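A short reminder: the numbers here are calculations on the coordinates, not readings from a lab. Here the structure is a predicted model, which is why all the values come from computation and not from measurement. When we count neighbours, we look across all protein chains shown, and the Cβ atoms used for this are built from the backbone with ideal geometry, even at glycine.
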Amino acid sequence: MLHGSTFYEIAAILGMAVLLGAVGLKLRQPLIIMFLAAGILAGPAGFGVIASHAQVDLLAHMGIALLLFIVGLKLDLNLIRTTGPVALATGVGQIVFTSAIGFLIALAFDMPMLSAAYVAVALTFSSTIIIVKLLSDKKEIDSLHGQIAVGFLIVQDIAAILALVGLTTFGSRRGAEDTALMTTLLIAAKGFGLLAATGLLMRFVIPPLLRRLAQSQELLTLFAVAWAVALGTISDMAGFSKEVGAFLAGISLASTSYRDAIGARLTGLRDFLLLFFFIDLGARLDWTTVGGELWAAFVFSIFVLVGNPLIVLVIMGAMGYRRRTSFLAGLTVAQISEFSLIVAALGLSLGHITPEVMGLITLVGVVTIFMSTYMILYSGELYRAFAGPLKIFERKTPYRELAAADQDTGRAVDVVLVGLSNYGSGVAQHLLRRKMTIFGVDFDPVALRRWRSLGVPVIYGDVGDPELHEYLPLQSARWVVSTVRSRELNLALFALLRSRGYTGKIALTATTEQEAEDFERAGAHAVLRPFADAAEQAADALTQGIDQLPVNRDWAVAFREVRVQSGSLSAGQTIRNIPLRATTGFSIVAVSRAGRIHHDPGPDFQIYPGDRLVIMGPPDRCEEAETLLNQPLDLEAYGGGERLVLGEVEVCAGSARAGKTLADLHFRQRYQATVVGILRGNARVLAPRPGDSVEAGDRLLVIGTIRAVEALQSEPF
C-alpha cells in the first residue's frame, strides 16, 4: 500500500496499465489481456498495491454499466436482417452447441451442475469489442464474413444480456415462503412495468428533451450518463441488476439521431472505467487455486480455439457458404469475451461458483484472447495452410455465395475490376461510359447488390483468396484492375495471376509513391494513383479561372465554371468545333488548366479533360450550356469504342505510294493509323520518321483502331 492513499494507488495502477499496454501494443494484443496482467501485478500475488478495493470495485461496476449502455446504444438489429438468416442461425446454433458440449466437458471434470452451467455459458460468448477492432484494422468489417460475424456477435450480446437478467433475478435468494410461481409472476410484472415506462419515455419525453439538450454537446453527454445511472438504479431497486438497467437505457436512445454523437463521446470513458474491472478481476485472482485448474483450462481453451470455429464451419457450410467465408467467420468466435468474465464475476458474488471456477474461466479467457488475436491477424495464412482439409465443410455447390454472385464467367469481358468501393465505382462508371464490358469483384454484399441491379456481372471475392482466379473470366479479360488500397494484397494478387498463367495486363492502385515504385518493379502495366490525382484536381479547383473575373458586380450576363469531364463531347475539341455560342449564346472566356489561367482563348485552343472552363452568357441558359459541354461522347460513332490493334500492310509492286515519304503520304491524317515499323527484307526500321520513304515490297507495321487497320488491309496499298 502506498501511504494508505487511494489516489496514490490509482496513480500506481494507471502507470502499470500504461507500461503493460505499451508492451501489448508491441505484441499486437488487445488491452484486456494487459489490464488483467496489471491487476495481477497490483494485487496480492504481485506488488500488493491495491488496498482500496471498494473504490476500485465501484469504478469497475460503473465501467460494466457503461459498456452495456453503449452496447444497447449501438444495438443494430437491422444488421441481423441484412445479413440474412445466417447471422441468427449461426449465432443461436453456436450458443446451443458450445454450451451443450462445454457443459458435458465440465461434468467430465466432476464439476457441480451449477458450476458446469456457468462454465458452459461463459464459453459461448465472444468479444464484440475485440473482433470489431481487429476486423476494422484489417479492413474486413464490410466483407461478407465480417458482416456475418458482427451479426452473430450481436446475437451473442443479446443472449449475454438475457443471461445477466436471469442470474440477477432467479439467482438471488428468495424467502422460504415465496413460491417459484409467485417469484416468476412478480419478476414478470416488474419487468413489464420497467419496459412500459421506458417505452413511454422513449415515445413522448426523450426525443424533445434531447433536441433541447443537443444545443450543448457537454450537456447531452452528461444527460446520457445520468440517464444510464438513473435507469440502472431503478432496475436495481426492482430486483434486476444495475447493468440491465444501463443496457435498457442505451436501447431507449438507440433510435434517436444523437446516438452516434453520444457513443463517440462515451467510448473513451467506457474504456477507462473498464480498465478497473479487469484490474480488479486480476487483483482478486487466487493463483493458489488456479494452479489446480491448469489441465481443465487447457482442455477448455482448446475447445474454444478449435471447437467454436468448427461449429461455425459446420453450420455455415450446411447453409451453403464457401469454406473460406465460414473459416474466417469462425475464427472470430475462438475466444471468450468480457461478458464471460462479467457473468462469472456475478456468479461468484451470488455464491453460485467458487473462486476456483472463477479462476478457471479467467485463465481460459486470457489464453483464448491471446491466441485468437494472432489467429485473426494471420487468418489468410491459416486458411492457405488448411484449405485442403476444410473442403469437407463445404457443399459441392456452395449455392448461397454462387447465387449471390450471379456468376457469369463464360461471358467475354474487357476488364475484371477488383474492388467496387468509392474509387472502384468511379472507375467502373467511366469504363462503362467508354462502352467497355466489366466484371466486378468485391467482398461487400451491399456493393454487389447495387452493381448487379445495374446489369453488371459481379461476384463475391476477396483479394486475399488464393482460389479467386477460379471464379474470374481471365481467358477473355484484357485487363485485371485492382482498386484495393493495400500493398500486400495487390502484390499477392499480381503474383497469383502470374502463377495461374494470366497473360493480360494488370493495373494496381497505389496510395504512396513508394507503393507505386514497388508495383512498377513487380511488373504492373499500369499504376493508379487516386490520391495524387485528387490532389492535382483540388489544386486546379483552387486556382480556377473564375476567381480572376469581377463576378461580384450586377452583370446582365451570368458566369459559370464548368469542369470538362473525360468522355464528354467537348473533350479533345477546339473551341471552334464546340457549338456552344451558336446553341446557347455562351462563350468561353477563360480556361484553368494545371494551375495556369488562359484568358480569352482563341478558336483553335484545344480543350482537354479536366479543364475548368469559365463561360459567360444568358443567365437563363446556364444549365443548358453546362449540359452541352459535358454531353457524353458517342464512342461508337467516333470509333472510340474500338480497341487499338497492330497489323501489317504490304506496299504492292507498282504502287503509286512507293518512293514517297510518310510525310508526303500524310499517313496518319489520311488513314487514321500510325506506322511504327518498316520491314524491308531482313532490315527493320523501328519508329520511322516522317522523312523516311516506303518502297515496293515493304511491309508496314501499323497501329490503329480495328476499323482503320482493316480498311488498310482490305485493298492493295
Requested in this report: Please order Phe298, Phe339, Phe204 by the number of other Cβ within 10 Å, starting at the fewest.
Outcome: Phe204, Phe298, Phe339
Query raised in the report: Counting Lys and Arg as +1 and Asp and Glu as -1, each charge on the Cβ, what is the dipole of the chain about the Cα centre in debye, to the nearest 20?
Result: 920 debye
Report task. For segment 45-59, take each phi angle, set θ = phi - 60°, evaluate the Karplus expression 6.51 cos²θ - 1.76 cosθ + 1.60, and give the result in whole Hz per residue in order, putting x for glycine and proline. Result -> 6, x, 8, x, 6, 7, 10, 8, 5, 5, 5, 5, 5, 4, 5
Query raised in the report: By how many degrees, 0 to 90 and rounded to 10, does the Cα axis of helix 6-26 deviate from the longest principal axis of the chain?
Result: 40 degrees
Report task. Over the alpha-carbon set of segment 642-713, work out the extent along each principal axis and list the three values in angstrom, largest first. Result -> 31, 24, 22
**Report entry** Karplus 3J(HN,Hα) series, Hz, for segment 317-330 with 6.51 cos²θ - 1.76 cosθ + 1.60 (x for Gly, Pro)
**Finding:** x, 5, 7, x, 9, 5, 5, 5, 4, 5, 5, 5, 5, x
Requested in this report: For segment 52-385, count the residues as N, evaluate 2.2 N^0.38 Å, and divide the Cα radius of gyration by that value, please.
Outcome: 1.01
Requested in this report: Kindly express, to the nearest 10 degrees and within the range 0 to 90, the angle between helix 217-237's C-alpha long axis and the longest C-alpha principal axis of the chain.
Outcome: 40 degrees
Query - Per-residue ³J(HN,Hα) for segment 113-118, Karplus 6.51 cos²θ - 1.76 cosθ + 1.60, θ = phi - 60°, Hz, x for Gly and Pro - result: 4, 5, 5, 4, 5, 4
**Report entry** For Gln573, distant residues with modelled amide H under 5 Å away
**Finding:** Ile607
Report summary line: Shape descriptors of segment 1-51 over alpha-carbon atoms, Rg and Dmax in angstrom, are 11.2, 36
Query raised in the report: Non-local amide H neighbours of Asp698 (under 5 Å, H modeled in plane, Pro and chain starts lacking H): which ones?
Result: Val651
Query - Computed [θ] at 222 nm, helices only, for the chain once each DSSP H run of length n ≥ 4 contributes -39500 (n - 2.57) - result: -17500 deg cm²/dmol
Query - Stokes-Einstein D for segment 79-148, Kirkwood Rh over Cα pairs, 37 °C, 0.692 mPa s (µm²/s) - result: 239 µm²/s
Report summary line: Rounded to a whole number, the Stokes-Einstein D of segment 406-528 in µm²/s (Kirkwood radius over Cα pairs; 10 °C; 1.306 mPa s) is 111 µm²/s
Requested in this report: Kindly express, to the nearest 10 degrees and within the range 0 to 90, the angle between helix 513-522's C-alpha long axis and the longest C-alpha principal axis of the chain.
Outcome: 70 degrees
Report summary line: Straight-line reach check, Lys138, cutoff 24 Å on alpha carbons, 8 or more apart in-chain or any other chain, hits among lysines -> Lys26, Lys74
Query raised in the report: What whole number of Å gives the distance from the Cα centroid of segment 661-692 to the Cα centroid of segment 303-368?
Result: 73 Å
Report task. Divide the volume of the convex hull of the Cα atoms of the chain by its number of residues and quote the answer in cubic angstrom per residue. Result -> 238 Å³
Requested in this report: Quick one: divide the alpha-carbon radius of gyration of segment 26-142 by 2.2 N^0.38 Å and tell me what you get.
Outcome: 1.37
Query raised in the report: Can you list residues whose amide H is under 5 Å from Ala558's amide H, if they're 5+ apart or on another chain and H is modeled 1.01 Å from N?
Result: Gly617
Report summary line: By the mean-Cβ-within-10 Å protection proxy, highest first, 15-27, 563-575 rank as 563-575, 15-27
